[in-house]
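A short worksheet on the structure shown next.
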Amino acid sequence: MKIIITYGTFDLFHVGHIRLLKRLRELGDKLIVGISSDEFNEIKGKKSFFSYEERAEILSSCKYVTEVFPENNWGQKRDDIIKYQADIFAMGDDWQGKFDELNDICEVVYLQRTKDISTTEIKRALSKVDNIELDRIESSLHDVIAIVKNLSFK
Ligand code: C2G
């Protein structure tokens, strides 16, 4: 039974996340995911849209994921690897080299990150959509006001 362990925020779950989890699951038999708690996200400088509970529900519903648990700090990985008897610790390669010190208790693997998608990108795109929508509504309102003005002076 080969056990894989990984960590992340996994906010606004997207194809980058799912492609990583799929590849991680293919490395072994079980995939255990440490999901960053809301408090730990603050330490990471991240404010997730979905709460820890919602993100945990989404990841738990993913067919590639066996089990999830809260990631509360940077330093718990070594204990987690021992507790879950993980054979492989794996992350996307934006973390390349950052966790190599764990290679005395498990294999450390970094998989290629999916390009052109990230939670930050999604948030940025959505904020633009709001502004575009607001501009459209505002110009429609101006049209309506012009029509009303026309009518009222006849
Ligand atoms: N990821 C990916 N491709 C993307 C986006 C993310 O492969 N387009 C991977 C990341 O490399 C990471 C995982 O998905 O391995 C989760 O990414 P995040 O939710 O951004 O998590 P992160 O902030 O990197 O937290 O202690 C480790 C941290 O908790 C990792």
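Each reported figure results from applying straightforward, stated rules to the coordinates on display, with no laboratory input. On a predicted model such as this, the values are computed, not experimentally measured, just so you know. Here Cβ is always computed from backbone atoms with ideal geometry, including for glycine, and neighbour counts include all displayed protein chains.
Here are a few things to note about the model shown:
- Amide H contacts of Val68 (H built 1.01 Å from N, in plane; Pro and chain starts excluded): Val33 sit under 5 Å, all sequence-distant by 5 or more or on other chains.
- Compared with the dominant principal axis of the Cα atoms in the chain, helix 119-152 is inclined by about 10°.
- Inter-site label distance for Ser152 and Glu133 at 7 Å from Cα along Cβ, in nm: 2.9
- Approximate shape of the stretch 77-126 as ellipsoid semi-axes (Cα gyration tensor, √5λ), whole Å, largest first: 28, 12, 8
- For the chain, the residue among Ser36, Leu134, Phe99 whose Cα projects farthest onto the positive side of the dipole built from Cβ charges is Leu134.
- Ranked list, fewest to most other Cβ atoms within 10 Å of each Cβ, for Trp74, Trp95: Trp74, Trp95
- Listing Arg78, Arg136 from fewest to most neighbouring C-beta atoms within 10 Å gives Arg136, Arg78.
- Candidate cross-link partners of Lys44 among the lysines, defined by an alpha-carbon separation under 18 Å and a same-chain spacing of 8 or more, comprise Lys77, Lys98, Lys123.
- In this entry, the stretch 1-147 is assigned a mean projected area of 10.6 nm², taken as a quarter of its C-alpha convex hull surface.
- Calculated mean residue ellipticity, 222 nm, the chain: -14000 deg cm²/dmol, from DSSP H runs (n ≥ 4) at -39500 (n - 2.57) each, averaged per residue and rounded to 500.
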